[in-house]
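The values are calculated or read from the model by the stated rules, or taken from the named source; none is laboratory data. Quick caveat: nothing in here was measured; it's all calculated off a predicted structure. Note that we place each Cβ from the backbone using ideal geometry, even for glycine, and neighbour counts take in every protein chain shown. Side chains included, ligands, DNA and RNA excluded: accessible areas come from the protein's heavy atoms. Shrake-Rupley method; radii C 1.70, N 1.55, O 1.52, S 1.80 Å.
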Amino acid sequence: MPPLSAEDPAAHLKGIAVRLKSELAEGQSALKTAYETRGNAQALLRGRCQLVDEVLKTLWQEARLPLGLSLVAVGGYGRRELYPASDIDILLLLPDNVARETERQLEQLIGLFWDIGLDIGHSVRTVWQCADEAARDITVQTNLLESRLVCGSRSLYAEFTRTIQSQLDPRAFFKGKRLEQEERHVRYQETPYALEPNCKESPGGLRDLQVILWIGRAAGLGESWNDLARRGYITRGEALQLKGLETFLRHVRIRLHLLTARREDRLLFDHQEAVAGRIGISAGKARRASELLMQRYFRTAKSVTQLNTILLQNLGAEIFPEPNKVPIVINERFQMDHELLDVRAEDVFEKNPPAILESFHLMQQRSELKGMTARTLRALWRARRLVGPGFRRDPGNRAMFLQLFQQKRGLVHELRRMNQYGILGRYLPAFRRIVCQMQHDLFHAYTVDQHILMVVRNLRRFTMPEFAHEYPFCSRLIAGFDKHWLLYLAALFHDIAKGRGGDHSKLGMPDARRFCREHGMVEEDASLVVWLVEHHLSMSNVAQKQDLADPEVVRAFASLVGNERRLTALYLLTVADIRGTSPKVWNGWKGKLLEDLFNATQRLLRGATPQQALGIGERQEEARRLLRYFGLRLGTEETFWKELDTVYFLRHDAEEIAWHTRALYHRPAPSQPVVKARLPHIGEEGLQVMVYTPDQPHLFARLCGFFSRLGYSIVEAKIHTTRHGYALDSFMLLDPDGTLATRDMISLIEHDLAARLALGTPPEGAASGRMSRKVRHFPITPEVRIRPTEKSGQCLLSIVAVDRPGLLFTVASTLDAHNINVHTAKIATLGERVEDTFLVSGAELAKTASLLRLETELLERLQV
């Protein structure tokens, strides 16, 4: 693009900008076409840099700026890696004194950059301003480290590079980048295996590779993988592997940018199938192309994290040389070298395969060990193939593997390390099948293997005093449980049969049973592990979908559990499992349901009757005590309580009974509706609402619509009609987006809802809203099931559907149309999937034809 000249500079520049905008678009289109044809990622990245270089040079020359200024490429543009939608980072480098006219010209030039379609990220600085910012911000320092001169003053740029290089402290830079990486990993839950990873920022992404090269450049140790291999920090084979990993991640990021036409680095469900197709991955007989893409991505990320660990350690040893200490010999196979476990010979695992498991065992036993040396990690990776059938049959190896679970510390770290380097999957072939396996549902956030390790981690946290504040009830229970390691084994196997088709709880039992038998576990312990694998979903299903006020529900669950040891083990595994699915799935309401079921079942197992186990008398006495605490005289509650039946006292705890009584004892039959709202107990989420009004048609639907329009999700509803015809309904509400001002909402709900109920207006539909994008990729066929309970005239209505705004109102209005009464509602939300259970009654439930009509209508209205 040869420079042009014109008599009118401003008009001439605008004319050039028009021409360059067209040429830029044509050039980028040509680059895209070439990439689609040849699939050369590096050619596209460098080609876009060259194209932008030519455009910037032309504008710079035609702007007729004074001599002595420099246009510098920094960041990704500086290292010649411009992705299709990446912004273009430039530094306009100035001498110390710049005329006002020059500043005006620069402003005009920057405007022209934007006019021609360049997404510019610019800074205008002198050399010393750059040095000052770099000294205060390691991100700025990193950006400037990758600079190159595009055009302008070479002498000013040389001064700039000398200044930046002179203030660079490799040790401080290494510490800063390592800390930055740790913080970034925390932001992404410290796992490469999130189901929608960021291919640039997530652990195992491009940024983990760039960190290594930044540190190598800053310390003068090498600027490429070949440089690092020549200096011995990695092997030649690892250098080739790193190039291949980097190339795959580049293709993924390029495809995302081209597909979305924006700077999108997240492999969202929306894009996975399309990216797979464009990379050339086709669907298999039983697996979608997106599954195969993500499995390859996760394996790539796994390798990146391995090599990142090895290289950071090797570079750190070079940058922070320590005095030559004689390694401390641990035994004939291992030594401690600078607080790291080190093999005494490169071939120690080949000569003595049991040492593979011993290495992890030593990491658990010796708290002074901070990790493993790079050569130990490499040796483990090479030795993974030695873990075969003969290795697994060896009694010594079996005993050592079991001991890993029985140590007081380090289990989670070592299981993760074993999984990272392929040892865990080799020792447990069933586990190997679920490594990097996606979970195609609407609530799990991790691959199956990572979810399993997260559950083990949650169980371990229950045992640690520093985390006792998180779940104190779990911490108390596990402190009294005799063999914690049985829970860890159950967690390891609870989802091991995912993806085989059928009920994974049943399919995983033989794997767990075989493991226990082969590892010589006593029958009592083995049967507990197998039972937990089989029933790991049972407690959550009962707590979230059945009426815990029904003595038969608690009796049946107690019969399933059989004894307190199983009850405690199942409760702990259930809490750890729910918490390990996704950060969004667990909430205080689910915790209370599980704890209520645990307590009622424990009382029953200790000899109470089903009615005693539910503790009506105890609840009433505790409610009276609370009422005395708030200043109400003894007997004040009796008039109001006479209007309440046994079912009310079964379904509400003592604190709720006392709250209702304080609000209503002096007006048991008010002429106007009474609405009260409050925050739940400290540590619990949401809002509790009580509605007390003369019973009226469509009340439940009206309430559902009102709460939905405010933006709340109903997670539990207790519908009660008093003996004198008043509705006493209680709701637990959650704010799914966390955007509502709770204390302000209390006043609004109490005033507006009472006013609407007093007017008796017809039910209003729920507010419209967007449905989650995940639903398009994991569709759910709605399910409706109605089955009778043991109490005459009542049925359980179970619904499975995709969550969406107004779903509960849709169900409530449909039931209203069929004259069906709702007594309780439990709303279990698992990501974008809801599993709702209603206790209902009505004449139509006894007629086969009308029952079929109700089911059909519900199914039709639940379709997305």
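Would you compute, for the Cα atoms of the stretch 347-429, the largest minus smallest coordinate along each principal axis and list the three values in descending order, in whole Å?
32, 27, 20
Can you give me the solvent accessible area of Lys642 with a 1.4 Å probe, rounded to the nearest 10 Å²?
Result for Lys642: roughly 140 Å² accessible.
Translational diffusion coefficient, Stokes-Einstein: compute it for the stretch 658-732 using the Kirkwood radius over C-alpha pairs as Rh, at 20 °C and 1.002 mPa s, and state it as an integer in µm² s⁻¹.
After rounding, the answer is 163 µm²/s.
Would you pull out the residues with amide H under 5 Å of Gly371's amide H, same chain only if 5 or more places away, H placed 1.01 Å from N?
Here Leu341 satisfy the definition.
What Kirkwood hydrodynamic radius do you get for the stretch 600-725 when you take the inverse of the mean 1/r over all pairs of distinct Cα atoms, in Å?
In the stretch 600-725 this quantity evaluates to 16.2 Å.
Quick check on my link table: of Lys302/Lys408; Lys718/Lys791; Lys325/Lys370; Lys498/Lys590, which ones sit more than 22 Å apart, alpha carbon to alpha carbon?
Beyond 22 Å between Cα atoms: Lys302/Lys408; Lys498/Lys590.
List the pair-distance distribution P(r) of the stretch 777-864, using every Cα-Cα distance, as the percent of pairs falling in each 10 Å bin from 0 up to the bin containing the longest distance, rounded to whole percents.
17, 55, 25, 4, 0
Taking the Cα atoms only, what angle lies between the long axis of helix 374-383 and the longest principal axis of the chain, rounded to 10 degrees?
Roughly 70 degrees between the two axes.
Length gain on complete extension for the stretch Asp169 to Thr781, per 0.36 nm per residue less the alpha carbon to alpha carbon distance? List each step's numbers first, then the result.
Working: separation 612, 0.36 × 612 = 220.32 nm, distance 5.95 nm.
Working it through step by step, the gained length comes to 214.4 nm.
Over its Cα atoms, what ratio of radius of gyration to 2.2 N^0.38 Å does the stretch 393-532 give?
On the way: Rg = 15.0 Å, N = 140, 2.2 N^0.38 = 14.4 Å.
My calculation over the Cα atoms of the stretch 393-532 gives 1.04.
Amide H neighbours of Ile88 under 5 Å, counting only residues 5+ apart in sequence or on other chains, H built in-plane at 1.01 Å?
Close amide H contacts, sequence-distant or interchain: Asp119, Ile120, Gly121.
Hey, what's the Kirkwood Rh for the stretch 446-525 if you take every pair of different alpha carbons, in angstrom? Spell out each step's value before the answer.
Working: mean 1/r = 0.0717 Å⁻¹.
Over the stretch 446-525, the inverse of the mean reciprocal pair distance is 13.9 Å.
Let me have the relative contact order for the chain, percent, based on Cα pairs under 8 Å that are six or more residues apart. Working shown, then result.
Working: 1249 pairs, mean separation 55.4, N = 864.
Relative contact order comes out at 6 percent.
Would you mind pulling out the separation of the Cα centroids of the stretch 402-435 and the stretch 704-735, in Å?
47 Å
Which whole-angstrom value gives the distance between the alpha carbon centres of the stretch 262-315 and the stretch 515-571?
38 Å
To the nearest 10 degrees, how steep is helix 448-463 against the longest Cα principal axis of the chain, on a 0 to 90 scale?
That works out to roughly 70 degrees.
Order Lys791, Lys408 by their accessible area, 1.4 angstrom probe, all chains in place, largest first.
On the way: Lys791 110, Lys408 195 Å².
My answer, sorted largest first, is Lys408, Lys791.
Regarding the stretch 582-622, what whole-number volume in Å³ per residue does the convex hull of its Cα atoms give? Mind dumping the intermediate values first?
Details: hull volume 3.1 nm³, N = 41.
Hull volume normalised by residue count: 76 Å³.
For Arg861 and Gln42, what is the calculated FRET efficiency with R₀ set at 35 Å and r taken between the beta-carbons, to the nearest 0.05?
Working: r = 54 Å, r/R0 = 1.54.
So, using R0 = 35 Å, E works out to roughly 0.05.
Considering every Cα-Cα pair within the stretch 19-142, what fraction, in whole percent, is farther apart than 18 Å? Numbers along the way, then the final one.
Values: 4266 of 7626 pairs.
That fraction is 56 percent.
Take the Cα pairs of the stretch 606-650, get the Kirkwood Rh, then feed it into Stokes-Einstein at 37 °C and 0.692 mPa s and tell me D in µm²/s. Mind showing how you got there, number by number?
Details: Rh = 11.6 Å.
The Stokes-Einstein estimate is 282 µm²/s.
Note the full-extension length gain between Lys506 and Phe391 as 0.36 nm times their separation in residues minus their Cα-Cα distance, in nm to one decimal.
Values: separation 115, 0.36 × 115 = 41.40 nm, distance 2.76 nm.
Extra length from Lys506 to Phe391 when fully extended: 38.6 nm.
Return the FRET efficiency for the residue pair Arg625, Tyr665: r is the Cβ-Cβ distance, R0 is 22 Å, and the value is rounded to the nearest 0.05. List each step's numbers first, then the result.
On the way: r = 15 Å, r/R0 = 0.70.
So the FRET efficiency works out to roughly 0.90.
Using only helices, what value at 222 nm comes out for the chain when you add -39,500 (n - 2.57) per DSSP H run of length 4 or more and divide by the total residues, to the nearest 500 deg cm²/dmol? Write down the numbers at each step before the final one.
Values: 41 runs with 479 residues, N = 864.
Rounded to the nearest 500, the figure is -17000 deg cm²/dmol.
If N is the number of residues in the stretch 149-226, what value comes out of its Cα radius of gyration divided by 2.2 N^0.38 Å? If you can, show how the numbers build up before the last one.
Values: Rg = 16.0 Å, N = 78, 2.2 N^0.38 = 11.5 Å.
Compactness ratio reported: 1.39.
Could you give P(r) for the stretch 197-261, binned at 5 Å from zero, as whole percent values over all Cα-Cα pairs?
Binned Cα distances yield the sequence 4, 18, 23, 22, 17, 9, 5, 2, 0.
Determine one quarter of the surface area of the Cα convex hull of the stretch 287-434, which equals its mean projected area, and express it in nm² to one decimal. Please list the in-between numbers first.
On the way: hull surface 39.7 nm².
The orientation-averaged projected area of the Cα hull of the stretch 287-434 comes to 9.9 nm².
Please work out, to two decimal places, the log10 of the ratio I(q)/I(0) at q = 0.17, 0.19, 0.24 Å⁻¹ from a Debye calculation in which every Cα of the stretch 294-358 carries one identical scatterer.
-0.82, -0.92, -1.05
Could you state the angle between the C-alpha long axis of helix 127-136 and the longest principal axis of the C-alpha atoms of the chain, as a value from 0 to 90 degrees rounded to the nearest 10?
For 127-136 against the chain, the angle is about 30 degrees.
Cα atoms only, the stretch 261-341: Rg and Dmax in Å?
Final numbers for Rg and Dmax: 21.3, 59 Å.
Taking each pair of distinct Cα atoms in the stretch 105-247 once, what is the resulting Kirkwood hydrodynamic radius in Å?
Numbers: mean 1/r = 0.0571 Å⁻¹.
The answer is 17.5 Å.
Taking only the C-alpha atoms, wrap a convex hull around the stretch 551-612 and report its volume per residue in Å³ as a whole number.
In the stretch 551-612, the Cα convex hull volume per residue is 75 Å³.
Assuming R0 = 22 Å, can you tell me the calculated FRET efficiency for the pair Glu368 and Arg344, based on Cβ-Cβ distance, to the nearest 0.05? If you can, show how the numbers build up before the last one.
Working: r = 18 Å, r/R0 = 0.80.
The calculated FRET efficiency here is 0.80.
With each label point set 7 Å from Cα along the Cα-Cβ vector, what nm distance links Glu196 and Glu182?
It works out to 3.0 nm between the two label points.
Taking 0.36 nm per residue of separation and subtracting the Cα-Cα distance, what length does fully extending Leu634 through Leu679 add?
That works out to 13.5 nm of additional length.
Mind giving me the nanometre distance, one decimal, between the label points for Glu790 and Asn324, set 7 Å out from Cα along Cα→Cβ?
Between Glu790 and Asn324, the label points sit 8.0 nm apart.
Find me the longest stretch of the chain that has none of the exposed GluC sites (Glu not before Pro), where exposed means in a DSSP loop (not H, G, I, E or B) with at most 15 other Cβ atoms within 10 Å.
With GluC sites (Glu not before Pro) excluded where exposed in loops, the chain gives 471-683 as its longest stretch.
Sort largest first and round to whole Å: the equivalent ellipsoid semi-axes of the stretch 496-611, each the square root of five times a Cα gyration tensor eigenvalue. Could you put the intermediate results ahead of the total?
Numbers: eigenvalues 128, 72, 29 Å².
One finds semi-axes of 25, 19, 12 Å for the stretch 496-611.
Give me the tail of P(r) for the stretch 182-337 as a percent: Cα-Cα pairs with distance above 22 Å. Each step should come with its number before you reach the end.
On the way: 6071 of 12090 pairs.
The share of Cα pairs beyond 22 Å in the stretch 182-337 comes to 50 percent.
So what does Asp503 come to for accessible area, using a 1.4 Å probe and Å² rounded to 10?
80 Å²
Provide the solvent-accessible area of Arg432, counting protein heavy atoms only and rolling a 1.4 Å probe, rounded to the nearest 10 Å².
Roll a 1.4 Å probe over it and Arg432 shows about 130 Å².
What are the radius of gyration and Dmax of the stretch 783-833, computed over its Cα atoms and given in Å?
Rg, Dmax (Cα atoms, Å): 11.9, 35.
Using all alpha carbons of the chain, what is the percent of pairwise distances in each 20 Å bin, ordered from the shortest bin to the longest?
P(r) for the chain, in whole percents per bin: 12, 36, 31, 18, 2, 0.
Let me understand the stretch 83-175 better: what is its radius of gyration from the alpha carbons, and its Dmax, in angstrom?
Answer for the stretch 83-175, Rg first and Dmax second: 14.4, 43 Å.
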